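The values are calculated or read from the model by the stated rules, or taken from the named source; none is laboratory data. Computed from a predicted structure; not experimentally measured. Here the Cβ positions follow ideal geometry from the backbone for every residue, glycine too, while neighbour counts run over all protein chains shown. Side chains are part of the model used for accessible areas, which takes the heavy atoms of the whole protein and leaves out ligands, DNA and RNA. Shrake-Rupley method; radii C 1.70, N 1.55, O 1.52, S 1.80 Å.
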Amino acid sequence: MRSFFSWLRKPDPLLVRNEEQFKRLDFRLPLPDYDYVVCDTELTGLHKRKDEIISIGAVRISRLQIELSSTFHTLVRPVKLDANQATFVHRITPEQLRKAPGIEEVLPRFVEYCSGALLVGHCISLDLHFLNLAIRKNLGGILSNPCVDTMTMARLYKELAGKRGVRFAGNPGSLVLDDLTAEFKLPRFKPHDALEDALQTAYLFLFLAKKLKSMGVQTLEDVRQLGRNKGEERLF
């Protein structure tokens, strides 16, 4: 019964303030004028109802500069502590998770960290699903931050560049984060680590933002409209 009524609770004041920050967001500003939080989650698996978050990593970007002095990274103790295949991929052991804070302790700090920033992620809809599922259960609502998907940005950039005769090396059809990192010759970070993956995505976002700007995509509205024209609903 407690679980059922948790879905009916009033939104936590943190989420109320979060929503207020974006009610009058001006999409017509240049991309450097916004703050961004690039985030990534590590999960016990991909089942959207049964699996859980076991790590959250995030880094802020201001004026299109990564703020390495202010990062967010924590393990999260799941309800089920069984070792599974996903745990071995992340190299996070049940013993480590047993000592980690629970999601109810982590989420308020994460919502505060995201204050006033657009969220960026690679296939961000997956991260948002698990984050918002936990946030609704524990805080009575969901994040209101507008989102940018670097997977969508990469697809749009490749299409625009292709029309200009640009040819990509490596695996030009792939939108996998690791493949894009190699293709665009970006710094490499350790995979399957939430903070390292967030940093990897942050470098990809900055690369794509600058490339799109050189093609006349100057404002957040330009990026949003380009995504709509291409039928990319997950850009925002």
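Identify the single condition in (1) open to solvent by less than 60 Å² (accessible area, probe 1.4 Å); (2) in a loop (DSSP other than H, G, I, E, B) that residue 192 does not satisfy, given that it satisfies every other one.
That leaves (1) as the condition not met.
Identify, by number, the condition in (1) surrounded by 13 or more Cβ atoms within 10 Å (Cβ to Cβ); (2) farther than 19 Å from residue 138 by Cα; (3) of a type in the set (D, E, K, R); (4) at pLDDT below 95 that residue 67 doesn't meet.
(4)
Of these, 112, 105, which one is in a helix (DSSP H, G or I), within 19 Å of residue 43 (Cα to Cα), of a type outside the set (A, V, I, L, M, F, W, C) and out of contact with any strand residue (DSSP E or B) (no Cβ under 8 Å at 6 or more places or on another chain)?
That would be 105, the only listed residue that is in a helix (DSSP H, G or I), within 19 Å of residue 43 (Cα to Cα), of a type outside the set (A, V, I, L, M, F, W, C) and out of contact with any strand residue (DSSP E or B) (no Cβ under 8 Å at 6 or more places or on another chain).
Consider residue 124 against the criteria (1) touching a strand residue (DSSP E or B) at 6+ places or on another chain (Cβ under 7 Å); (2) over 30 Å from residue 54 (Cα atoms): it satisfies all of them except one. Which criterion is unmet?
(2)
Okay, residues lined up against (1) closer than 24 Å to residue 68 by Cβ; (2) aliphatic (A, V, I, L, M):
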residue	(1), (2)
124	yes, yes
143	yes, yes
147	yes, no
160	no, yes
174	no, no
196	yes, no
221	no, no
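Just a yes or no: is a residue in segment 214-227 among the charged types (D, E, K, R) and either more than 22 Å from residue 116 (Cα to Cα) or touching an Asp or Glu at 6+ places or on another chain (Cβ under 6 Å) (or both)?
no
With respect to residue 155, is the statement that it is at pLDDT 95 or above, open to solvent by 10 Å² or more (accessible area, probe 1.4 Å), more than 13 Å from residue 48 (Cβ to Cβ) and out of contact with any Phe, Trp or Tyr (no Cβ under 6 Å at 6 or more places or on another chain) true?
Taking the combined requirement at face value, the residue does not satisfy it.
Could you please give the count of residues in segment 195-213 that are open to solvent by 50 Å² or more (accessible area, probe 1.4 Å) and either over 25 Å from residue 118 (Cβ atoms) or under 15 Å from the mean Cα position of the chain (by Cα) (or both)?
Residues in segment 195-213 being open to solvent by 50 Å² or more (accessible area, probe 1.4 Å) and either over 25 Å from residue 118 (Cβ atoms) or under 15 Å from the mean Cα position of the chain (by Cα) (or both): 2 in total.
Given the structure, is residue 196 at pLDDT 95 or above and out of contact with any helix residue (DSSP H, G or I) (no Cβ under 8 Å at 6 or more places or on another chain)?
For residue 196, the condition - at pLDDT 95 or above and out of contact with any helix residue (DSSP H, G or I) (no Cβ under 8 Å at 6 or more places or on another chain) - is met.
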